[in-house]
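Trainee: Structure provided below as structure tokens; questions to follow.
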């Protein structure tokens, strides 16, 4: 599975497509230049339990590290992944 990223203005999405259809996505909004608020994660049933959601969070963390951004995970799923992954604490807001 390949995670893609699309950003427009102060909003963005990390997503996974299968056969040209979006099967998993995690949306965010930027609050200023250095704060990303993850507000929603959705994984369709066919990718459920295959680590797709975690891959989305991982890609967001990579993006944040590369761009000097801190993440505020308001989405319950993303918040849980952060709580279970202490290695991500460096990008937590």
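No value in this document is a laboratory result; all are computed from the given coordinates. The structure presented is a predicted model; accordingly, all values stated were derived computationally and were not measured. No Cβ is skipped: glycine too gets one built from the backbone with ideal geometry, and neighbour counts run over all protein chains shown.
Trainee: Can you tell me which residues in the stretch 1-29 are out of contact with any strand residue (DSSP E or B) (no Cβ under 6 Å at 6 or more places or on another chain) and touching a residue at least 24 places away in the same chain (Cβ under 8 Å)? Don't jump to the end; show me each part of the working.
Mentor: Taking the stretch 1-29 as the starting set, the residues that turn out to be out of contact with any strand residue (DSSP E or B) (no Cβ under 6 Å at 6 or more places or on another chain) are 2, 7-9, 17-21.
The one that is out of contact with any strand residue (DSSP E or B) (no Cβ under 6 Å at 6 or more places or on another chain) and touching a residue at least 24 places away in the same chain (Cβ under 8 Å): 18.
Trainee: Another question about this same structure. Filtering the stretch 46-78 down to residues that are assigned to a loop (DSSP other than H, G, I, E, B) and in contact with a strand residue (DSSP E or B) (Cβ under 7 Å, 6 or more places away or on another chain), which residue is farthest from residue 93 (Cα to Cα)?
Mentor: Per the stated criteria, the residue is 75.
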